[in-house]
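Engineer: Once you've had a glance at the structure underneath, I'll fire off some questions.
The values are calculated or read from the model by the stated rules, or taken from the named source; none is laboratory data. The model shown is predicted, which means the values in this text are computed figures rather than measured ones. Note that each Cβ is placed from the backbone with ideal geometry, even for glycine, and that neighbours are counted across all protein chains shown.
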Amino acid sequence: MRVARFGSTQAAIPVIGQGSWYLDASRRADAIAALRRGLDLGMRHIDTAEMYGSGAAEALIGDAIAGRRDEAFLVSKVLPSNASRSGTRAACERSLKHLKTDRLDCYLLHWRGNYPLDETFEALEALQQQGKILSYGVSNFDIDDLEEAVDLIGDGKLACNQVLYHLNERAIEHAVIPWCEEHRVAVVAYSPFGHDDFPEPDSAGGQALAQIARGHGATARQVALAFLTRRESVFVIPKASNAKHVEDNAGAAALMLSDADFQVLDAVFPRGKKPRSLPMI
């Protein structure tokens, strides 16, 4: 499994991880087997959030990593409605309980809310000093938010920024990815296959993916993941609710696309103009 340094941390993390949004809606035994198969394949970055199933996804992951906690790079997120000083600490304790662990490898503010950022970061700093989280980051932060964060906590503290990124939504390439690379902040792409809108096989994009996939003995989804992780700063966390899909995702880490492949995909899935605000779902 190809790994890269996770932002400003010292952790070497696989570029293909495992997401868990709506994973709790899957058959529990299949979901747990999928997560464990991912660990077998080196997909140790497991992402979740207190929001996912109101803790149900965290509890599922806790069962899946039982006896294998040290193999996982475990990430969860605090809701903005809980992101006060005391609320962040309480949310973290709940997540640790659901996950049946004494620490998170990284803890994120899910998106920006009404609580001042300095309150949230003070709580995150305290949790890190206590060893309950080993690093912290943000999610759905645009450039102005990232700049404010760095002004508050200094450069080199944010581990990552988790943002929407897939073939049909490349807005972060304009400014967010370059900013994160300059400041050593990992970019974690959520919904890397889109949100129920992966290119249909008979569409122009679907045909291009299929043609490239045939040339490499790969699948269309592997091609998509390889395109998104072409920069060392970008990690992806696709959700997979069964072991077969996990194995397919894992195979993308070894797929090396050619310059010609990148040019085809860039033309079929154009980046588009820079939007006024950061896309998120």
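Engineer: Quick one: which of G215, G194 is in contact with a strand residue (DSSP E or B) (Cβ under 6 Å, 6 or more places away or on another chain) and surrounded by fewer than 20 Cβ atoms within 10 Å (Cβ to Cβ)?
Structural biologist: One residue alone meets the criteria, G194.
Engineer: Does D142 meet the test of being touching a Leu at 6+ places or on another chain (Cβ under 6 Å) and surrounded by fewer than 16 Cβ atoms within 10 Å (Cβ to Cβ)?
Structural biologist: no
Engineer: Follow-up question, since we're still on this one. Could you check region 145-169 and list, in sequence order, the residues that are farther than 24 Å from V78 by Cβ and buried (at least 19 other Cβ atoms within 10 Å of the Cβ)?
Structural biologist: Within region 145-169, H166, L167, E169 qualify.
Engineer: Out of (1) of a type outside the set (K, R); (2) closer than 23 Å to P14 by Cα; (3) without any contact (Cβ under 8 Å) to a residue 24 or more places away in the chain, the odd one out for Q207 is which?
Structural biologist: Here Q207 clears every test but (2).
Engineer: Can I ask one more? Can you find even one residue in region 14-21 that is surrounded by fewer than 20 Cβ atoms within 10 Å (Cβ to Cβ) and in contact with a Phe, Trp or Tyr (Cβ under 8 Å, 6 or more places away or on another chain)?
Structural biologist: For region 14-21, residues surrounded by fewer than 20 Cβ atoms within 10 Å (Cβ to Cβ) and in contact with a Phe, Trp or Tyr (Cβ under 8 Å, 6 or more places away or on another chain): present.
Engineer: Check off (1) free of Cβ contacts under 8 Å to residues at least 12 places away in the same chain; (2) crowded, with 17+ Cβ neighbours inside 10 Å for A29 and give me the number that stays unchecked.
Structural biologist: Of (1) free of Cβ contacts under 8 Å to residues at least 12 places away in the same chain; (2) crowded, with 17+ Cβ neighbours inside 10 Å, only one is false for A29: (2).
Engineer: Is it the case that region 234-254 has a residue that's among the basic types (K, R) and closer than 20 Å to F73 by Cα?
Structural biologist: Yes, there is a match, as at least one residue in region 234-254 is among the basic types (K, R) and closer than 20 Å to F73 by Cα.
Engineer: So, one more: Only one of these is in contact (Cβ under 8 Å) with a residue 12 or more places away in the chain, on the phi > 0 side of the Ramachandran plot and among the hydroxyl-bearing types (S, T, Y): S241, S191, S277, S233. Name it.
Structural biologist: Selected residue: S191, the only one of S241, S191, S277, S233 that is in contact (Cβ under 8 Å) with a residue 12 or more places away in the chain, on the phi > 0 side of the Ramachandran plot and among the hydroxyl-bearing types (S, T, Y).
Here is a yes/no grid of residues against (1) more than 18 Å from E50 (Cβ to Cβ); (2) of a type outside the set (A, V, I, L, M); (3) under 21 Å from the mean Cα position of the chain (by Cα):
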residue: L99; (1), (2), (3): no, no, yes
residue: R112; (1), (2), (3): no, yes, yes
residue: A123; (1), (2), (3): no, no, no
residue: Q130; (1), (2), (3): yes, yes, no
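Engineer: Could you please find all residues in region 258-279 being surrounded by fewer than 17 Cβ atoms within 10 Å (Cβ to Cβ) and either among the aromatic types (F, W, Y) or not in a helix (DSSP H, G or I) (or both)?
Structural biologist: S258, F262, P270, R271, G272, K273, K274, P275, R276, S277, P279
Engineer: Of A91, A56, A123, which residue is surrounded by fewer than 18 Cβ atoms within 10 Å (Cβ to Cβ) and of a type in the set (A, V, I, L, M, F, W, C)?
Structural biologist: The unique qualifying residue is A56.
Engineer: When the residues of region 59-72 are filtered to those that are in contact (Cβ under 8 Å) with a residue 40 or more places away in the chain and surrounded by fewer than 24 Cβ atoms within 10 Å (Cβ to Cβ), which remaining residue is nearest to L225 (Cα to Cα)?
Structural biologist: Looking at the filtered set, the residue picked out is L60.
Engineer: Among the residues of region 1-59 satisfying the criterion of being among the β-branched types (V, I, T) and at pLDDT 95 or above, which is nearest to A83 (Cα to Cα)?
Structural biologist: Ranking the qualifying residues of region 1-59, first place goes to T48.
Engineer: Next question, about the same structure. A213 - would you say it is free of Cβ contacts under 8 Å to residues at least 24 places away in the same chain and not β-branched (V, I, T)?
Structural biologist: In short, yes.
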